[in-house]
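Reading through the structure tokens given below for one structure.
The values are calculated or read from the model by the stated rules, or taken from the named source; none is laboratory data. No experiment lies behind these values; they were computed from the predicted model shown. Note: ideal-geometry Cβ built from the backbone for every residue, glycine included; neighbour counts use all protein chains shown. Just so you know, the surface numbers come from the protein's heavy atoms only, side chains and all, with ligands and any DNA or RNA stripped out. Shrake-Rupley method; radii C 1.70, N 1.55, O 1.52, S 1.80 Å.
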Amino acid sequence: MADRFDDSDMKIVGRPATPAAQANEALRFIEYTSKEHFNGNFRKAKALGANIVSAFSYRAAPEELVSLIREHGVEPTPAVIRQVRFLSVFSAQVAIENFLPSQLLSSVAMGELYDTLRLYSADFYEDLAKSGAFSFYNMTLSSLSDAADAIGRQFAALCGQPDDPALVSLGAELHRLNLQVYRKAINGYAFV
């Protein structure tokens, strides 16, 4: 039987970075992180991550959310509310990754978001971690051009009714609304 892990025929493209180049890159990273720390962006990213948790850490769904769900002809069952909360966290992640000025600040904000969620809503955090919903949403985003409609279809599927137009419409609208709210919140922090 042939060795499936034999990589002797693999070619490496490019040259490894020289120690001087690695040192320069490390120095640039340190300078960048220092700048972000001293200009207040780190503090703002942490505050954003912690504060955004209030959008989905509720025990009982807010009345305006229940009304929106019903306006779409969907019954706000615990299973639907669970998926609404998962979608809200996913939308927050998309907004943070797309609307913050750097990937480093996005990572800081997301880390604080998850730390805060785990601290104040451990059961929901564990449920979210086990759900796999983000994997499905991420695959959806990478494959289609109309993200909100694709998210809506995935939302309906996660609710167990992939062909339900009311759930598709609800999921799409929730994602659009979430992105608007999160973008406004991000803009309010005035990152430099």
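Look at the alpha carbon pairs under 8 Å that are at least 6 residues apart: their mean separation over the length of the chain gives a relative contact order of 26 percent.
Sort the chain into rounded, prolate or oblate with this rule: let a ≥ b ≥ c be the square roots of the eigenvalues of the Cα gyration tensor; rounded if a/c is under 1.5, and if a/c is not under 1.5, prolate when a/b is larger than b/c, oblate otherwise. In terms of gyration-tensor shape, oblate. Can you tell me how segment 58-156 classifies by the Cα gyration tensor, rounded, prolate or oblate, using a/c under 1.5 as the rounded cut? It is oblate, given that a/c is not under 1.5 and a/b is not larger than b/c.
Where the accessible area of segment 29-140 is counted over protein heavy atoms with a 1.4 Å probe, how much of it, in %, is carbon and sulfur? Of the solvent-accessible surface of segment 29-140, carbon and sulfur hold 55 percent.
Measuring r between the beta carbons of V181 and T18 and using R0 = 35 Å, the FRET efficiency lands at 0.15. Averaged over its residues, the chain has an accessible area of 61 Å² per residue, based on protein heavy atoms and a 1.4 Å probe.
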